[in-house]
Number of protein chains: 2
Amino acid sequence: MVKPSDFELKLLRHLWQRGRLSARELHDASAAETRWSYSATRKTLERMVEKGLVRIEAFHGLNTYAASQSKIETLAVLASAFARDVLDLDAPLPAAAFAGSKLVSPGEIAELEALLEQLSDAAKGEDKV
Amino acid sequence: MVKPSDFELKLLRHLWQRGRLSARELHDASAAETRWSYSATRKTLERMVEKGLVRIEAFHGLNTYAASQSKIETLAVLASAFARDVLDLDAPLPAAAFAGSKLVSPGEIAELEALLEQLSDAAKGEDKV
DNA sequence: ATCCTCATGCGACGGATGTCGCATCTATGT
DNA sequence: ACATAGATGCGACATCCGTCGCATGAGGAT
């Protein structure tokens with residue numbers, strides 16, 4: 001699972017919400033936040049494809065892009081990095097941390113928690129070696 | 001207030017805990033985690049001085065370094081960036097998020113919350129303009 | 001006076017990322 | 001057939017950061 005940068009995350013959010021988009025559509029949707037030129041949006045998108053964050057698919061010559069890593073997976077990577085690097089926590093972040101976010105429904109929070117625990121267990125395993 | 005990178009944070013932790021240290025002392029204390037050469041530690045330290053994260057002071061020719069941004073301030077920047085960029089939260093992170101961390105005492109959590117609220121209010125102000 | 005050790009200043013390289021422009025190709029209107 | 005608009009591939013530059021090495025210099029040991 002890949003950890004996106006802050007800007008990459010902004011693009012991902014639109015893709016999660018709206019599914020598959022062309023570069024132009026994604027740019028129009030996100031330009032207000034990023035304040036990027038169309039070129040900048042496209043280049044970032046291109047790199048996200050290389051990294052495996054986004055899947056590209058052409059329809060009759062028009063490239064379209066869709067997230068290839070789910071919102072929950074992505075939040076899990078980000079949250080566990082925060083817990084480990086910043087808070088120096090062993091256990092995963094408690095669900096309460098996500099409670100106020102409009103990004104995740106209660107059902108998704110449950111899913112997230114499961115993933116987080118998995119990640120933190122995996123980390124412990126590596127430690128021992 | 002400056003947002004440190006993950007590695008810079010590792011160095012800062014030692015400075016918060018032990019106060020002023022020489023480059024050598026800091027390196028010996030942190031090399032296990034960073035797995036860096038002495039040169040790498042020094043260079044990072046040098047850049048942290050430029051950024052204003054650390055204050056340098058020479059005693060009879062020996063350089064010593066101390067954190068110039070407190071633990072709580074730093075956690076506040078990091079936590080509010082996480083809340084804003086990742087969780088897309090308007091309000092600051094709830095105290096519950098920090099509860100399990102050995103880095104902060106209950107008293108410090110209170111201090112943190114105050115700071116976080118300040119930061120989130122400031123952000124709203126800028127938004128409106 | 002000579003040598004060794006350690007600190008210091010500073011340069012360098014590579015990868016990630018933010019940012020942008022240009023040359024080319026393709027479909028479409030006239 | 002030709003011009004125009006938009007999409008695409010790709011190159012480029014700057015900055016940050018992880019990482020390291022070298023040359024110089026100062027203080028102590030012989």
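The values are calculated or read from the model by the stated rules, or taken from the named source; none is laboratory data. Computed from a prediction, not measured in an experiment: that's the story for all the values here. No Cβ is skipped: glycine too gets one built from the backbone with ideal geometry, and neighbour counts run over all protein chains shown. Surface accessibility is based on the protein's heavy atoms, side chains included, excluding ligands, DNA and RNA. Shrake-Rupley method; radii C 1.70, N 1.55, O 1.52, S 1.80 Å.
In order along the stretch B:6-17, the Karplus-derived 3J(HN,Hα) couplings, from 6.51 cos²θ - 1.76 cosθ + 1.60 at θ = phi - 60°, round to 4, 6, 4, 4, 4, 5, 4, 3, 5, 5, 4, 6 Hz, and Gly and Pro are given as x.
Charge dipole (Cα centre; +1 on Lys/Arg Cβ, -1 on Asp/Glu Cβ; no other charges) of chain A amounts to roughly 660 debye.
Label positions at B:Ala81 and B:Ala40, each projected 7 Å from the Cα along the C-beta direction, are separated by 2.0 nm.
The modelled label-to-label distance between A:Ile56 and B:Gln118, using points 7 Å beyond Cα along the C-beta direction, is 4.7 nm.
How large is Rg over Rh for chain B, taking Rg from the Cα atoms and Rh as the Kirkwood inverse mean of 1/r across Cα pairs?
Working: Rg = 16.3 Å, Rh = 15.9 Å.
Answer for chain B: 1.03.
Mind scanning A:Lys71/B:Lys71; B:Lys3/B:Lys51; A:Lys3/B:Lys71 and naming the pairs with a C-alpha gap bigger than 20 Å?
Values: A:Lys71/B:Lys71 31 Å; B:Lys3/B:Lys51 10 Å; A:Lys3/B:Lys71 25 Å.
With Cα atoms farther than 20 Å apart: A:Lys71/B:Lys71; A:Lys3/B:Lys71.
Comment: the Cα-to-Cβ extended label point of A:Ala122, at 7 Å, lies 3.6 nm from its counterparts in the other copies, nearest first.
In the protein assembly as shown, a dipole from Cβ-located charges (positive for Lys and Arg, negative for Asp and Glu) runs towards its positive end, and of B:Leu78, B:Thr34, A:Pro94 it is B:Thr34 whose Cα lies farthest in that direction. On the beta carbon distance between B:Arg20 and A:Asp28, with R0 = 51 Å, the FRET formula returns roughly 0.45. The A and B chains share an interface that buries close to 1800 Å² of accessible area, total over both sides, probe 1.4 Å. Inter-copy label distances at B:Ala96, using a point 7 Å along Cα-to-Cβ, come to 0.6 nm with the shortest given first. Going 7 Å from the Cα of B:Lys102 toward and past its Cβ, which residues in the stretch A:59-96 have a backbone nitrogen under 14 Å from where you end up? Residues A:87-91 fall inside that zone. The residues of chain A expose, per residue, 55 Å² of accessible area to a 1.4 Å probe.
Mean residue ellipticity at 222 nm from the helices of chain A, using -39,500 (n - 2.57) per DSSP H segment of n ≥ 4 over the full residue count, to the nearest 500 deg cm²/dmol? Please report the intermediate quantities before stating the final value.
On the way: 5 runs with 73 residues, N = 129.
Dividing the helical sum by the residues of chain A leaves -18500 deg cm²/dmol.
Rounded to the nearest 20 Debye, what is the dipole magnitude of the stretch B:71-128 about its Cα centre when Lys and Arg each give +1 and Asp and Glu each give -1 at the C-beta?
Working: 5 positive and 11 negative charges, 38 e Å.
Here the stretch B:71-128 has a charge dipole of around 180 debye.
Taken over the alpha carbons of the protein assembly as shown as equal point scatterers, the Debye sum produces base-10 log I(q)/I(0) values at 0.11, 0.16, 0.17 Å⁻¹ of -0.73, -1.29, -1.36. I need the shape label for the stretch B:6-67. Rule: rounded when a/c is under 1.5, else prolate if a/b > b/c, else oblate, with a, b, c from the alpha carbon gyration tensor. Cα axes put the stretch B:6-67 in the rounded bin.
Magnitude of the charge dipole for the protein assembly as shown, about its Cα centre and with charges confined to Cβ atoms of Lys, Arg (+1) and Asp, Glu (-1), is about 780 debye.
Going by average Cβ density within 10 Å per residue, which order do the peptides B:38-51, A:52-65 take, highest to lowest?
Details: B:38-51: 15.5, A:52-65: 13.6.
The densest-packed peptide leads the list: B:38-51, A:52-65.
For B:Asp28, the point set 7 Å out from Cα toward Cβ sits 6.4 nm from its twins in the other copies, listed from shortest up.
Of the accessible area of chain B, with the probe set at 1.4 angstrom, what percent is carbon plus sulfur? Walk me through the numbers before you get to the answer.
Working: 3540 of 7080 Å².
The C+S portion of the solvent-accessible surface of chain B is 50 percent.
Across the stretch A:71-82, rounded Karplus estimates of 3J(HN,Hα) from the backbone phi angles (6.51 cos²θ - 1.76 cosθ + 1.60, θ = phi - 60°) give 4, 5, 4, 5, 4, 4, 4, 5, 5, 6, 5, 4 Hz, Gly and Pro being marked x.
Packing-based ranking of B:14-27, B:99-112 yields B:14-27, B:99-112, ordered from highest to lowest mean Cβ neighbour count within 10 Å.
If you count, for every residue in B:7-13, the Cβ atoms of partner chains within 10 Å of its Cβ, what is the mean? Could the numbers behind the result be given before it?
Numbers: counts 1, 0, 3, 2, 0, 0, 1.
Neighbouring Cβ atoms belonging to other protein chains average 1 per residue here.
In this structure, the amide hydrogen of A:Thr64, modeled 1.01 Å from its nitrogen in the peptide plane, lies closer than 5 angstrom to those of A:Glu57, A:Ala58, A:Phe59, counting only residues at least 5 positions away or on a different chain.
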